[in-house]
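Engineer: To start, I am sharing the structure in question, which I have written as structure tokens.
The values are calculated or read from the model by the stated rules, or taken from the named source; none is laboratory data. Here the structure is a predicted model, which is why all the values come from computation and not from measurement. All Cβ positions, glycine included, derive from the backbone under ideal geometry; neighbour counts span all protein chains shown. Each accessible area value is taken on the protein alone, full model and side chains, heavy atoms only, with ligands, DNA and RNA left out. Shrake-Rupley method; radii C 1.70, N 1.55, O 1.52, S 1.80 Å.
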Amino acid sequence: MNRDNKDYDITIALAGNANVGKSVIFNELTGMNQVIGNWPGKTVELQEGYFEFEGKKVRVVDLPGIYSLSTFSQEEVISREFIIEGDVDVVINIVDATSLERNLYFTLQLLELEVPVVLALNQYDLALKRGILLNKKRLEEILSIDVVETVAIEGKGIKELVEASLKNLKQRKRKIISYGKEVEGKILENSKFVENFLSSKNTPFYKKFSLYPSRFIAIKLLEKDEEILKLFKGTEVEEKSKAIQKELEEIHGEEITTIIAQERYSLISKIIKEIEKIEPKSKTLFIDKIDSILLNRVSGYIFLVVALFLIFEGIFLFGDFLSPILEGLLSKLQYFINLLPLKEFYKEFIWRGFFEGLIAGITIALPYIIPFYIILSWLENSGYLARIAFLVDYIMHLLGLHGKAFIPILLGYGCNVPAVLGTRIMERDRDRFIAGVLATLVPCSARTVVLLGLTGVFLGFQYALLLYVLNLLIIFITGRILNKFLPGKPTGLIMEMPKLKVPPLKLSLKQSWFRLKDFIFFAFPIIIVGSFLLYLIELLGWNPYISSFFAPIIEGWLGLPAIIGIVLILGILRKELALIMLAALLHTQDFSLVLSSRQMLVFSFVVMLYIPCIATIAALKREFGLKRAITVSILEIVFAVFLGGILNKILLLLKWN
Amino acid sequence: MEIREEEKEEVLEALYKLEEEKKKATIKDLLKEEDLRSLSVVEILTELALDGFIKVEGAKVFLLDRGKKIGKNIYKKHIFLENLFSFIGIKEEEAHKEACKLEHVIEEKNDEKLEEQFEELNEILNKKLSPLITLKEGESGIVKLVRGGFHVMKRLQDLGVVKNSLIKVRRISIAGPVEIDVKGSSLALGRGVASKIYVEKETDKSENDIFNE
């Protein structure tokens, strides 16, 4: 986000609540011209794209969907910093015309920043359908900003929005929207004080504040904003703010943040009264009827189970169909490598050291991940994911999580890497961490290959199913344990229920494409390096050492042939290869000849539980830091081996062989 | 026999209660009071009158300012305690008895903040306020109190749940979260969160509220 060598003329930031159609507008503006960037040092995604308009190159930055500009989440901090310090020329505030009252709460805060703002009244058509009539002109007058009506899904109003935005570049001079007399008076008093204080200080530390309006600082100080309070700690500004807080609290008999929130809402309800008219509709909208079915305490769950079953069935059918085809095609590449004018050794080095990893990534991960991403994105845009979270909240609560955690855990069945990255949808670090750990315990498509290929084929499907049930049980218990021993308390669900709609498939395809790109850039290098290491170990002939070193655990505790130790250790690099490696080491594809039923079950069980793969460890590191990634990995290995041994002993006792 | 402080307070409280009910209290009324059955009311009244807490005119008994202050205080404590006990599930009769004993024991604090919270609690305990979770589907209420940590409160504020917002319960799932309408949008709130939001139930207003489409 550096502007030193910028190759664009104008920056537009898109800001607004979640689920207002922000990403649709972003896509309408930028087409395929976008990148997902991470804010330096933070795990918040910022999407960036470009378009040309009247000979100017315009950069568009899609800020995360937020409800406020305080500092209670990273998303809010980053959005605020970006709008002020990111050299933004104009902010497009996208609001949902069907729930303007709530949306304006954010708008008022945005206006406190005194930056150029254009308001996009999105989903204007839906508002009309619901009988909500809005007086655009009056809204423009009251807020003294330009307002554009848009129906982003149909591309309506986008051009007008761009024109209005470019007209408002750098329009900082604007009338300030005052709150109630009493509160506004106190804000001004504090604002003057802050201004005087800042002008008396000339240190670089305080220089940064010249970008922030003093009225905004004054309000945030009164609201006990952690970031800003920190900066004024121990100064007379802090004292003054506290005194004003106390004064207001005494007058109103409320806590200060409540007073200010009430102030904003009462201003909003005045605005709404002037600009909004509702024509009551007698009949329920069709989409609302569907909504009642989806959320009904009987039909809702039936639909959920059926939908999940169909989604998984569909994804696995698709993947199982596509994977071998891709593999067949890609393995033809070896033919071309053999044509290279190189010594045999180098040819093999290139093939096994690089291409095998790449092909594995393409054939194992992609056929399952691509449909998963598309379906998930579509469900998310339609509002159904929020409804799933609503339906499963109670179950997730037993794990110390809330409904939203279901989504990354569900993703885990496709691949653990996006699942761990997907924990970002949760607000609190503690929730994200628990969900991340649980997601790594979910058998991904690579592990499913082992579970179905070994247990399913040789012992029967019911045993594979048994392992899945055991897995759910273990996830459940782990969740409870984590919840008990991690510091902090579980948080309750507070989530907006977006209105149900049929989103355009085009948008989901685009979003999936960008997510997929992100996944490939993140995971593929790791998969390829892992594959290379695997080859290297074999080349160096280290296998016997590894297996004899781990023999006591593998043979003694797990009751497996010592040679399997290699498979388990190297499985960390490439888990989906476990079965192929096993076949190579045991010199047979028919595992029933060399392994007893007990051994197959124990092996599958351990593979299912211990840390999925090196790419997942890297994902854990990216989300939770190195220390926690390593701790989780080690604990999961110990845990899997421990439970595997117990399973072995139980099976021995039962004389089940 | 020495008259105990508690006994005097008990009589002042009973008098205060009677006066609040706009009754002209007579000695006979006091003798009828359930709570004073075991006491020697006449002796206590004599002593109270001598100490300037009450005035006796014929059969009628009036509270003087000093006496009124004490009576009111004890009465408030009594209501609070009784509400508290019945709130936690103790039977009415039992709750009343316990409150009668404890009202003389709890320390009196002149802290305004405490007074306020006392009032707030009283409002909840009096069942004037109900936790959001107790509302039925389709019922609505005005938010009066949100308990919980700073973060939860702040998040709720950002989403429109703030004191005096009108909330309508749209849907309650089995054991799970509640879906509400507030400020023109719907929110899903976990059970824990919903039980910490106290609302004043709206009764017949539901017909002209804005959520009915």
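Engineer: Here is a list: A:Ala13, A:Ala18. Which entry is modelled with pLDDT of 90 or more and in contact with a Gly (Cβ under 8 Å, 6 or more places away or on another chain)? Break it down stepwise before answering.
Structural biologist: On the way: A:Ala18 fails: modelled with pLDDT of 90 or more.
None of the other options fit; the residue is A:Ala13.
Engineer: List every residue pair whose Cβ atoms sit under 8 Å apart, with the two residues 6 or more apart in sequence or on different chains, where the first one lies in the stretch A:615-629 and is open to solvent by 10 Å² or more (accessible area, probe 1.4 Å) and the second, anywhere, is aromatic (Phe, Trp, Tyr).
Structural biologist: A:Ala618/A:Phe522; A:Arg622/A:Phe522; A:Phe624/A:Phe433; A:Arg628/A:Phe433
Engineer: Is one or more of the residues making up the stretch B:75-92 in a helix (DSSP H, G or I) and touching a strand residue (DSSP E or B) at 6+ places or on another chain (Cβ under 7 Å)?
Structural biologist: Here is the first cut: in the stretch B:75-92, the ones in a helix (DSSP H, G or I) are B:75-87, B:92.
Retained after the next criterion (residues that are touching a strand residue (DSSP E or B) at 6+ places or on another chain (Cβ under 7 Å)): none.
Checked against the condition, which is being in a helix (DSSP H, G or I) and touching a strand residue (DSSP E or B) at 6+ places or on another chain (Cβ under 7 Å), the stretch B:75-92 yields no hits at all.
Engineer: Here's a follow-up. If A:Asn381 meets every condition in (1) over 16 Å from the mean Cα position of the chain (by Cα); (2) buried (at least 20 other Cβ atoms within 10 Å of the Cβ); (3) farther than 14 Å from A:Ile311 by Cα apart from one, which number is that one?
Structural biologist: (1)
Engineer: Moving on to the next point. Taking the stretch A:487-513 as the search range and keeping residues that are among the small types (Gly, Ala, Ser) and assigned to a loop (DSSP other than H, G, I, E, B), which one is surrounded by the most Cβ atoms within 10 Å (Cβ to Cβ)? Write out each step before concluding.
Structural biologist: Start the filter on the stretch A:487-513 by keeping residues that are among the small types (Gly, Ala, Ser), which leaves A:488, A:492, A:508, A:512.
Of the ones still in play, those that are also assigned to a loop (DSSP other than H, G, I, E, B) are A:488, A:492.
Working: A:Gly488: 12, A:Gly492: 21.
Ranking the qualifying residues of the stretch A:487-513, first place goes to A:Gly492.
Engineer: Out of the stretch A:310-336, which residues are under 29 Å from the mean Cα position of the chain (by Cα) and not in a helix (DSSP H, G or I)?
Structural biologist: Selection gives nothing.
Engineer: Suppose we keep only residues that are under 11 Å from the mean Cα position of the chain (by Cα) and assigned to a loop (DSSP other than H, G, I, E, B) within the stretch A:394-446. Which one would you say is surrounded by the most Cβ atoms within 10 Å (Cβ to Cβ)?
Structural biologist: The qualifying residue surrounded by the most Cβ atoms within 10 Å (Cβ to Cβ) is A:Met426.
Engineer: Tally time: how many residues in the stretch A:273-286 are at the interface with chain B (Cβ under 8 Å from one of its Cβ atoms) and closer than 21 Å to A:Arg138 by Cβ?
Structural biologist: Residues that pass the stated criteria total 1.
Engineer: Working only within the stretch B:132-179, note down all residues that are in a strand (DSSP E or B), touching a residue at least 12 places away in the same chain (Cβ under 8 Å), over 12 Å from B:Lys196 (Cα atoms) and facing chain A (nearest Cβ under 9 Å).
Structural biologist: Let us first name the residues in the stretch B:132-179 that are in a strand (DSSP E or B), namely B:140-146, B:166-172, B:178-179.
Still in the list and also touching a residue at least 12 places away in the same chain (Cβ under 8 Å): B:140-146, B:166-172, B:178.
If we keep only those that are over 12 Å from B:Lys196 (Cα atoms) as well, we get B:140-142, B:166-172, B:178.
Listed by number, the residues that qualify are B:Arg170, B:Arg171, B:Ile172.
Engineer: Where residues in the stretch B:53-66 are assigned to a loop (DSSP other than H, G, I, E, B) and over 30 Å from the mean Cα position of the chain (by Cα), which of them is surrounded by the fewest Cβ atoms within 10 Å (Cβ to Cβ)?
Structural biologist: B:Gly58
Engineer: Touching a Pro at 6+ places or on another chain (Cβ under 8 Å) and over 22 Å from A:Leu500 (Cα atoms): which single residue out of A:Leu411, A:Leu401 fits that description?
Structural biologist: Numbers: A:Leu411 fails: over 22 Å from A:Leu500 (Cα atoms).
Just a single option satisfies the conditions, and that option is A:Leu401.
Engineer: Only one residue in A:Thr30, A:Thr71 is within 14 Å of chain B (Cβ to nearest Cβ), farther than 30 Å from A:Glu274 by Cβ, surrounded by 18 or more Cβ atoms within 10 Å (Cβ to Cβ) and at pLDDT below 90. Which one?
Structural biologist: The match here is A:Thr71.
Engineer: Right, next: Restricting attention to the stretch A:91-107, which residues are away from chain B (no Cβ under 14 Å) and closer than 24 Å to A:Glu227 by Cα?
Structural biologist: If we filter the stretch A:91-107 for residues that are away from chain B (no Cβ under 14 Å), which is where we start, we get A:91-94.
Matches in the stretch A:91-107: A:Val91, A:Asn93.
Engineer: Next question. Across the stretch A:615-657, what is the number of residues that are within 23 Å of A:Arg430 (Cα to Cα) and in a loop (DSSP other than H, G, I, E, B)?
Structural biologist: Within the stretch A:615-657, residues that are within 23 Å of A:Arg430 (Cα to Cα) and in a loop (DSSP other than H, G, I, E, B) number 1.
Engineer: Being at pLDDT 85 or above and within 25 Å of the chain's Cα centre (by Cα) narrows it down to one residue among A:Leu568, A:Leu540, A:Leu558, A:Leu500; which is it?
Structural biologist: From the options A:Leu568, A:Leu540, A:Leu558, A:Leu500, the qualifying one is A:Leu500.
Engineer: What are the pairs, 6+ residues apart or on separate chains, where a residue within the stretch A:466-492 that is closer than 17 Å to A:Met426 by Cβ has its Cβ under 9 Å from a residue that is open to solvent by 50 Å² or more (accessible area, probe 1.4 Å) and among the basic types (Lys, Arg)?
Structural biologist: Once the first residue is closer than 17 Å to A:Met426 by Cβ and sits in the stretch A:466-492, its partners that are open to solvent by 50 Å² or more (accessible area, probe 1.4 Å) and among the basic types (Lys, Arg) give A:Gly488/A:Arg428; A:Thr491/A:Arg428; A:Gly492/B:Arg191; A:Gly492/B:Lys196.
Engineer: Take B:Ile70 and tell me if it is closer than 17 Å to B:His104 by Cα and either open to solvent by less than 30 Å² (accessible area, probe 1.4 Å) or modelled with pLDDT of 85 or more (or both). Full working, then the answer.
Structural biologist: On the way: closer than 17 Å to B:His104 by Cα: yes; either open to solvent by less than 30 Å² (accessible area, probe 1.4 Å) or modelled with pLDDT of 85 or more (or both): yes.
In short, yes.
Engineer: Give just the number: which of (1) without any contact (Cβ under 8 Å) to a residue 24 or more places away in the chain; (2) outside any helix (DSSP H, G or I); (3) not polar (S, T, N, Q) does A:Pro612 not satisfy?
Structural biologist: Just one mismatch for A:Pro612, condition (1).
Engineer: Here's something else I'd like to know. Report yes if some residue within the stretch A:522-533 is surrounded by fewer than 18 Cβ atoms within 10 Å (Cβ to Cβ), among the polar types (S, T, N, Q) and in a helix (DSSP H, G or I); otherwise report no.
Structural biologist: Checked against the condition, which is being surrounded by fewer than 18 Cβ atoms within 10 Å (Cβ to Cβ), among the polar types (S, T, N, Q) and in a helix (DSSP H, G or I), the stretch A:522-533 yields no hits at all.
Engineer: Considering only residues of the stretch A:296-312 that are within 19 Å of A:Leu410 (Cα to Cα) and within 13 Å of chain B (Cβ to nearest Cβ), which is most open to solvent (accessible area, probe 1.4 Å)?
Structural biologist: So in the stretch A:296-312, the residues within 19 Å of A:Leu410 (Cα to Cα) come out as A:300-312.
Retained after the next criterion (residues that are within 13 Å of chain B (Cβ to nearest Cβ)): A:300-301, A:304.
Values: A:Gly300: 0, A:Tyr301: 58, A:Leu304: 12 Å².
The selected residue is A:Tyr301.
Engineer: Inspect all residues belonging to the stretch A:517-531 and state whether any of them is touching a helix residue (DSSP H, G or I) at 6+ places or on another chain (Cβ under 7 Å) and either within 14 Å of another protein chain (Cβ to nearest Cβ) or of a type in the set (Ser, Thr, Tyr) (or both).
Structural biologist: Yes, the stretch A:517-531 contains a residue that is touching a helix residue (DSSP H, G or I) at 6+ places or on another chain (Cβ under 7 Å) and either within 14 Å of another protein chain (Cβ to nearest Cβ) or of a type in the set (Ser, Thr, Tyr) (or both).
Engineer: Only one of these conditions is not met by B:Lys22: (1) open to solvent by 50 Å² or more (accessible area, probe 1.4 Å); (2) at pLDDT 80 or above; (3) under 24 Å from the mean Cα position of the chain (by Cα). Which number is it?
Structural biologist: Among (1) open to solvent by 50 Å² or more (accessible area, probe 1.4 Å); (2) at pLDDT 80 or above; (3) under 24 Å from the mean Cα position of the chain (by Cα), the lone unmet condition for B:Lys22 is (2).
Engineer: Could you look through the stretch A:262-284, keep only residues that are without any contact (Cβ under 8 Å) to a residue 40 or more places away in the chain and in a helix (DSSP H, G or I), and pick out the one that is farthest from B:Gly184 (Cα to Cα)?
Structural biologist: A:Gln262
Engineer: Here's something else I'd like to know. Among the listed residues B:Glu98, B:Glu103, which satisfies the condition of being away from chain A (no Cβ under 11 Å), at pLDDT below 90 and crowded, with 21+ Cβ neighbours inside 10 Å?
Structural biologist: B:Glu103
Engineer: Also: How many of the residues in the stretch A:339-393 are within 14 Å of another protein chain (Cβ to nearest Cβ) and out of contact with any Gly (no Cβ under 7 Å at 6 or more places or on another chain)?
Structural biologist: The first filter runs over the stretch A:339-393 and keeps only residues within 14 Å of another protein chain (Cβ to nearest Cβ), leaving A:383-393.
Within this subset, residues satisfying the condition of being out of contact with any Gly (no Cβ under 7 Å at 6 or more places or on another chain) are A:383-388.
Final tally of qualifying residues: 6.
Engineer: Return the residues of the stretch A:391-420 that are in contact with a helix residue (DSSP H, G or I) (Cβ under 6 Å, 6 or more places away or on another chain) and more than 28 Å from A:Ala629 (Cβ to Cβ); say none if nothing qualifies.
Structural biologist: A:Leu391, A:Asp393
Engineer: Can you report the number of residues in the stretch B:157-177 which are more than 27 Å from the chain's Cα centre (by Cα) and over 21 Å from A:Ser70 (Cβ atoms)?
Structural biologist: Keep residues of the stretch B:157-177 that are more than 27 Å from the chain's Cα centre (by Cα), which gives B:158-160, B:170-177.
Cutting the leftovers down to over 21 Å from A:Ser70 (Cβ atoms) gives us B:170-177.
The total comes to 8.
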